[in-house]
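Before any comments, here is the structure.
The values are calculated or read from the model by the stated rules, or taken from the named source; none is laboratory data. Quantities reported herein were computed from a predicted structural model and do not represent experimental measurements. Don't worry about glycine lacking a Cβ; one is built from the backbone with ideal geometry, like all the others, and counts go over all protein chains shown.
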Amino acid sequence: MKTNILLILFVLSFKPLFSQQKVHTSSRTIVSINKDWQFAKDPNAKGSTQLKYASVNIPHTWNAFDVLDDEPGYYRGIGYYKKKLIVPSGWKGKQIYLDFGAANQETTVILNGKVIGNHKGGYTAFMVLLNNLKFNGNDELIVEVDNSYNEHIPPLTGDFTFFGGIYRDVKLIAVSKAHFADEKYGSTGVYVATTDVSDEIATINIKGKLNNSADKKTLLITSHILDAKGKTVAYTKQTSNANAGQKIDFELPSVSLKTPNLWSPENPYLYQVTTKLADAQTGRILDEVKTEIGLRYFSFDAEKGFFLNGKSVKLIGASRHQDFAKMGNAVSAALQVKDVELLKQMGGNFLRVAHYPQDQAVLNACDKLGILTSVEIPIVNEITESQAFYDNCKNMQLEMIKQNFNHPSVIIWAYMNEVLLKMHFGKEPDKKKIYLKNIENLAQQLEDLTRKVDPSRFTMIANHGDINGYTNAGLTKIPMIVGWNLYQGWYGGKIEDFGPGLDKIHAAMSDKPIIVTEYGADVDPRIHAENPIRFDKSLAYGIKYHQVYINDILKRPFVAGAAAWNLADFSSETRMETMPSINNKGLLTLDRQPKNTYFLYKAFFSKTPYLKIGDGSWKNRSSLTSKQTISVMSNLDSVTLVVNGKRWPKKAVIDHVAACEVELRSGKNSIEAIANQNGSVFHDRAEINFVLQPNDFYKGISSLNLLMGSQRQFTDDKNLVWLPTESVDQLGWGSIGGEAFKIKNSGRQQYGSDKDIKGTQNDPVYQTQLVGIKGYQINAPKGKYEITLHFAELMGNGIQTVLPYNLDSLIAEGKEVPPQRIFDVYLNDKPIIKGLNLAAKYGVARSVQMKFECIVSDDKGLRLTFKGIAGQPVLNALQVRKL
Ligand code: GCB
């Protein structure tokens, strides 16, 4: 709930009690207790006496680092947090709540050995009442958090990491005995609904819940509505007789504002509602809650899309996961706000808060910056057919709605994502039928609940591309909007299938508003390809993909909006691929560095002239030719590049990208992009370090770094650029024999493996390979060289196991026995490796480097020869350095 409960900050003089920041009003005191907790994991799950406690601050997760290692899996179990809780004597007579922003995923709160609260679900806030407890001045608070798999709590599975811990703020809230609260749902209990909003008038209804644990009283509830300058523009009040211990639902007489200042992405105007609870007899203020609201009206039309305040608006933006590099989900509010700012700067007006409710800071920022949002609970991939699961889903839906009710940015409540992806009972039709019916029933219950609790918003379910499956399961009828997660040209098919796919969906359900809730392609910014192809992870493929998708979305008025998957890369521990444990579909990296795809969105959606040397992020380049194409993202007509002072011919911007052909020299190149519009000149600058191969290697300026069986370039963690190799027949130097490694029957990768390569951060160096290689020839001039051979066995068990997320369902889990492969290697006719059996010696998918020195004293250069003893020799990469 966006409720700013003011206000005065003061530091307590008695430090041991609360060294934290404190916010209070005469009626309500809020103290952060994020600092100085003791934390221990319980590897034996429950009750180990050997717990090793360490000091931590909240936000905290215990999985920030174990998700990054080569070991599959991460700690999913119990973590204990403990702290001395000393309640100030001044709080006598107050009611005290312990307030958790979120803890993943089941939390039990224990005070002085007694369980005082339990909460299920890792993404919503919750409160525990400390009332009626006798504090003894030495009170111990223990919070037991468990992130192990629980079949009754969604999400059950998903393409994201379920980081455990107390990862959002923890506070103590002290209130008078009579106060606002809807503690069952972790909300302050003041709900401000804006109804009948138009350009002329806006009606505001304030409802809520209050607790009177004091004696019988007459209470006065008042609400002032203030404009952004702090001037009261409306006022409403009501008295209520409350018995001792009574909980009361109240509703103030609605008020209307004439010619309201309407909230929109261009004008995110916020009013403030100050709601007070007072003793009607004495006039003493007992509680006060401040809520920021925005006045707007909106609708969805199946043919014409989305309308805000009567105007057609295409919703454009991204989905967002909440984690950040090396922090997991324990991320400061400031970093979360930055994400919303980055979305705004990109030209976005829409955020799909996926796949679960996030920190209040996110929606607060959306309210302030004018970003429309859809928020959802994490029913992902599948359900459990148990009453406990349904109850937890419904409770989460209510918590989500009640905690976020007042945010003007929220326009959609959603509740299922690709729920048919992990189909149960595939081979038992009767059980499958019942399972599908149970999903439909759950959807209907959540739909009914949502519409009842908040008739002012729209509802949505997001599906994957199986149109018939979702239609037959009744799931396209239930929600008001259907979201589609579409990946043509990524998990399967061609990029060009996307537009016709949308038309097909629209034809099949022409009365349903549609949002493209996901689309995206993995982009590893370390990878470049001249001829980009699906699943090569290159920036160039990502650009092509997003160009086609954006155009197809913009062209079709019936598509109300779209959210790219994802705003930023995110952790998905079970994923392999070029950056293991990371889903690379972000427009930003995991630490929020923009990729070229982010710049493309800026070019498409910036309202002001925009020009960006996209390949500026590709600072270290290498090639066999000095002729290079530099892409400039822009919304202007044409771009001229000046490289090292030389002006190249002007290039037209096509589809927001100008592909400028220039020549680069070895070493540093300074690039300037220039564009004109209406007499104004716009510039961007970049620097590119260029290595021309093999010349720079011959000159001893650079090592020669070569990938076998690959069609892509890769920049490693030392900024060395690895080039795909060619055959000796093509260049007069290169590989002799061998074929690029391919996964048999792969519906995705056309070359290489996506196996996590152990012992390296540079997985793409080892993920491709020439199988059956006979030799490698480099026409190196006379001199001394260091040669490093890089190997990894790509065949064998483990290559294709546990593909966590696979929307084309083509790759199954399977066991493969590594083929027998033993070989010798010779360097300039001298044996350097004898009887190498990679699988036997190092295991599957482990990076192996072998270094040798060699003097070239004739004109035959460097020659590697591979001789198979059993099976086919392999080489993954080769590095040669002049000494
Ligand atoms: C989806 C899922 C999302 C995944 C995404 C992907 O459809 O909804 O959770 O992360 O695809 O990248 O595969």
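Per-residue answers, yes or no, for (1) under 17 Å from residue 864 (Cβ atoms); (2) in contact with a helix residue (DSSP H, G or I) (Cβ under 6 Å, 6 or more places away or on another chain); (3) outside any loop (DSSP other than H, G, I, E, B); (4) hydrophobic (A, V, I, L, M, F, W, C):
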{"residue": "706", "(1), (2), (3), (4)": "yes, no, yes, yes"}
{"residue": "711", "(1), (2), (3), (4)": "no, no, no, no"}
{"residue": "714", "(1), (2), (3), (4)": "no, yes, yes, yes"}
{"residue": "754", "(1), (2), (3), (4)": "no, no, no, no"}
{"residue": "760", "(1), (2), (3), (4)": "no, no, no, no"}
{"residue": "764", "(1), (2), (3), (4)": "no, no, yes, no"}
{"residue": "784", "(1), (2), (3), (4)": "yes, no, yes, no"}
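The residues in segment 89-101 that are touching a strand residue (DSSP E or B) at 6+ places or on another chain (Cβ under 8 Å) and either part of a loop (DSSP other than H, G, I, E, B) or more than 23 Å from residue 154 (Cα to Cα) (or both) can be counted, and the count is 7. In this structure, is residue 629 over 15 Å from the mean Cα position of the chain (by Cα), surrounded by fewer than 20 Cβ atoms within 10 Å (Cβ to Cβ) and of a type in the set (S, T, N, Q)? Here the answer is yes, as residue 629 does meet what is asked. Could you say whether any residue in segment 678-696 is acidic (Asp, Glu), in contact (Cβ under 8 Å) with a residue 24 or more places away in the chain, in a strand (DSSP E or B) and crowded, with 16+ Cβ neighbours inside 10 Å? Checking segment 678-696: at least one residue is acidic (Asp, Glu), in contact (Cβ under 8 Å) with a residue 24 or more places away in the chain, in a strand (DSSP E or B) and crowded, with 16+ Cβ neighbours inside 10 Å. Restricting the first member to segment 366-392 and to residues that are more than 24 Å from residue 466 (Cα to Cα), and the second to residues that are away from the ligand (no atom under 16 Å from the Cβ) and at pLDDT below 95, the beta-carbon pairs closer than 9 Å and six or more apart or on different chains are 367/2. Figure legend. Inter-residue proximity from segment 421-433: first residues in contact (Cβ under 8 Å) with a residue 24 or more places away in the chain, second residues away from the ligand (no atom under 16 Å from the Cβ), beta-carbon distance below 6 Å, spacing 6+ or different chains. Indicated pairs: 424/435. When the residues of segment 584-600 are filtered to those that are within 21 Å of residue 483 (Cα to Cα) and not small (Gly, Ala, Ser), the one that is farthest from the ligand (Cβ to nearest atom) is 587. Look at residue 469 and say whether it is closer than 25 Å to residue 548 by Cα, outside any loop (DSSP other than H, G, I, E, B), out of contact with any Phe, Trp or Tyr (no Cβ under 8 Å at 6 or more places or on another chain) and not basic (Lys, Arg). No.
Scanning segment 838-865 for residues that are part of a strand (DSSP E or B) and either at pLDDT below 95 or basic (Lys, Arg) (or both), which turns out surrounded by the fewest Cβ atoms within 10 Å (Cβ to Cβ)?
Per the criteria, the residue is 851.
Within segment 736-756, the set of residues being out of contact with any Leu (no Cβ under 6 Å at 6 or more places or on another chain), surrounded by 15 or more Cβ atoms within 10 Å (Cβ to Cβ) and touching a residue at least 24 places away in the same chain (Cβ under 8 Å) comprises 736, 737, 740, 743, 746, 748, 749, 751, 752, 754, 755, 756.
Can residue 498 be described as over 25 Å from residue 298 (Cα atoms), aromatic (Phe, Trp, Tyr) and not assigned by TED's automatic domain parsing to the domain that holds residue 72? Yes; evaluated as a whole, the condition is true for this residue. Of 294, 347, 370, all but one fail to be touching a Ser or Thr at 6+ places or on another chain (Cβ under 9 Å), crowded, with 22+ Cβ neighbours inside 10 Å and of a type in the set (Gly, Ala, Ser); the exception is 294.
The residues on offer are 340, 375, and the sole one that is within 16 Å of the ligand (Cβ to nearest atom), buried (at least 24 other Cβ atoms within 10 Å of the Cβ) and of a type in the set (Val, Ile, Thr) is 375. Just so you know, in segment 795-833 the residues that are farther than 28 Å from residue 158 by Cβ and modelled with pLDDT under 95 include one that is farthest from the ligand (Cβ to nearest atom), and it is 820. Scanning segment 398-421 for residues that are under 14 Å from residue 154 (Cβ atoms), touching a helix residue (DSSP H, G or I) at 6+ places or on another chain (Cβ under 7 Å) and crowded, with 24+ Cβ neighbours inside 10 Å yields 415, 416, 419. Within segment 479-505, the residues that satisfy the criterion of being part of a loop (DSSP other than H, G, I, E, B), surrounded by fewer than 19 Cβ atoms within 10 Å (Cβ to Cβ) and at negative phi are 480, 494. Take residue 597 and tell me if it is crowded, with 22+ Cβ neighbours inside 10 Å, assigned to a loop (DSSP other than H, G, I, E, B) and of a type in the set (Val, Ile, Thr). For residue 597, the condition - crowded, with 22+ Cβ neighbours inside 10 Å, assigned to a loop (DSSP other than H, G, I, E, B) and of a type in the set (Val, Ile, Thr) - is not met. Residues of segment 645-654 that are surrounded by 14 or more Cβ atoms within 10 Å (Cβ to Cβ) and over 15 Å from residue 609 (Cα atoms): 648, 650, 651.
The selection criterion, being within 16 Å of the ligand (Cβ to nearest atom) and either under 27 Å from the mean Cα position of the chain (by Cα) or under 18 Å from residue 379 (Cβ atoms) (or both), holds for residue 420. Entry remark, segment 503-528: residues being touching a Lys or Arg at 6+ places or on another chain (Cβ under 6 Å) and more than 14 Å from the ligand (Cβ to nearest atom) number 2 in total. A residue that is on the phi > 0 side of the Ramachandran plot, surrounded by fewer than 22 Cβ atoms within 10 Å (Cβ to Cβ) and within 16 Å of the ligand (Cβ to nearest atom) cannot be found anywhere in segment 555-574. As a summary of the residue check, residue 451 satisfies the conditions (1) within 16 Å of the ligand (Cβ to nearest atom); (2) more than 23 Å from residue 122 (Cβ to Cβ); (3) basic (Lys, Arg) except for the one numbered (1).
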